[in-house]
Structures are given as structure tokens and as C-alpha cells.
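Please treat every number below as a calculation from the coordinates, not as lab data. In this text the structure is predicted, and so the values were computed from the model without any measurement. Cβ coordinates were reconstructed from backbone atoms using ideal geometry, including for glycine residues, and neighbour counts include every protein chain displayed.
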Amino acid sequence: MRLAGKVALITGAASGIGAAAVERFIQEGCRVTLCDIQEAEGTALAEKYGDKAMFSYCNITDEDSVSAAVDATVARFGKLDVMFNSAGIVGSVGPAAQTPGAEWRFTIDVLLNGAFYCAKHAARVMQPQRSGSIISMASTAGIMGGLGPHAYTAAKHGVVGLTKNLAAELAGSNVRVNAIAAASMATPMVASVLTGDPRNIDKAKEMLAEASPLRGRPGLAEDVANAALWLASDESGYTTGHTLTTDAGFTVGATVAGPAFAEYQPMIREAGKAGLPDDQA
């Protein structure tokens, strides 16, 4: 098993990517603390896995809450090997001139400050044990502009930068720090954006499949969970400071239509002349 003997703390664990990661990690031999503000859902999911899991209420915008969840994990399981911060929101949406400051600050608080608090308190446990993997959710909107609302985009760019800086600091303690930049995946949050109903995952899958550069293949929560599994495992033991994309190639220019150069035409050379020079034809 790829995570045999390891202990992980996963935020946003009650639904979506977090819940998929919980299942995948436990399948691979990990014991997991599920952290979320959705207390009923998180408790029920933890109970499903018996002594392999526990639920700890955690509001990632509250540093004391994050610290307590880390301490509860160590008290229950004796250590912390993996921190996967998958909690997130869409946050403030709209033109800059109409964005309320309070909504901007709340979005940054959840998506960037929360990532920092999770990394900070994971590091205080992992550095003394001289091992660990910290994984944060970035986004394709943290790599490119124009893909998400302003606050979300700013926060996710911040996560990418924070990941690099933390990796540089913590490498000497053998603690690895990486991020995952996902495109829109079929989760309740994305379903809410696409369909207005967080429960309509099937319709979200249809819409995402139509827009996917990998023809007919939607992005799934399990795709991100598998990426997190690799970053959590010893298989990625020489990887740190990296932002791993799960986006069907979108951030490298892949589109549904395909690139303009995908169909052959005679080469174009100086002054717009077509084809090879006569002496090389």
C-alpha cells in the first residue's frame, strides 16, 4: 500500500475533492483526520471508516482551530505525515469596482490565509520528525489570468508562491511542500456554479466533458485525489516546490478544437513564401 503506516490531515474533507482524497488515502493504508466546518457530514463520513479515521471540526480561517486539529491528530494517531489542505470556496464574484471589501478579505482568508495556517501547524510537527508532505489546493486560476474571479485568482496565485517559498525553507527538514492546480472538476462547488444546484453532479460532468480538451472526459474529484495521493506518497520523495496541474492540458494551450497547427500545410518561410526552397525540395 502506497501510504501504509502514514497519518494524514485533510481539510474540506466532508465533500468534493476532500472526501475523494479521504477514501483514496484510506484505501492505500493511511489513517486520516477529516477536518471541515460541515460537522454532521464530516462526522458521518469518518464513522464510515471506523478506527482508520476521526473527525475534527476545523475552520481554516481560525488559526487556533487549525492548531487544535493538528494537535488532535497527533494525540489520536501519534504523528502527522501528510497535510492536504483541500478546503475552498469560490468566494467573491464580480467586477473589481463592485467587489465588496469584506467579501474580498473573506475569500483571501479562506483560500490563502487558511493554506498558510495549515502549512504552519503541519510544519511545527513535521520539522522535529524530519519528514512530511504538505499539499495545498491551488488552481489553474493560480497559473493564468482570466480564469476566475479576482479574489480567487489572487489567492490561488498566492498559494503557488507560498508553496515555493515554504518548499525552500522546509527542504532542510525533509519536509516537502507542493500544490495541485486543478481545472473545474465535477464537485458540489463546481456543480453549484455551473447548474445552480450543488447536488447536480451528473449535469456538471456532462458540461465539463463537453468543454474538456481530453474529448468527452470530465475532470473528477478522484483525479485530484490521485494527484494528492502521489504527492503524499514516497513515490514523489524528490519532488518539492512543484505545482502539479490536473487540467486536461488547458494551461499549456490544449482546447476542444485543437491547435491551429494540427493540420498540415506547406511550411512558411521568408516574406511569406510557401514550401521548401527549390534547392532543398
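Criterion applied to Gly196, Gly172, Gly272, Gly219 was being small (Gly, Ala, Ser), within 30 Å of Val93 (Cβ to Cβ) and loosely packed, with under 11 Cβ neighbours inside 10 Å, and the one residue passing it is Gly196.
Which residues, counting only those in the stretch 125-165, are without any contact (Cβ under 8 Å) to a residue 12 or more places away in the chain and under 14 Å from Val177 (Cα atoms)? Listed by number, the residues that qualify are Gly161, Asn165.
Here the condition is being surrounded by 18 or more Cβ atoms within 10 Å (Cβ to Cβ), assigned to a helix (DSSP H, G or I) and within 20 Å of the chain's Cα centre (by Cα); of Leu208, Leu244, it holds for Leu208 alone. Kindly indicate whether any position in the stretch 233-240 is over 18 Å from Ala8 (Cβ atoms) and in a helix (DSSP H, G or I). No, there is no match, as no residue in the stretch 233-240 is over 18 Å from Ala8 (Cβ atoms) and in a helix (DSSP H, G or I).
When Ala227 is tested against (1) closer than 30 Å to Cys30 by Cα; (2) assigned to a loop (DSSP other than H, G, I, E, B); (3) not basic (Lys, Arg), only condition (2) is not met. Within the stretch 73-108, restricting attention to residues that are in a helix (DSSP H, G or I) and under 18 Å from the mean Cα position of the chain (by Cα), which residue is farthest from Ala154 (Cα to Cα)? Ranking the candidates gives Thr107 first.
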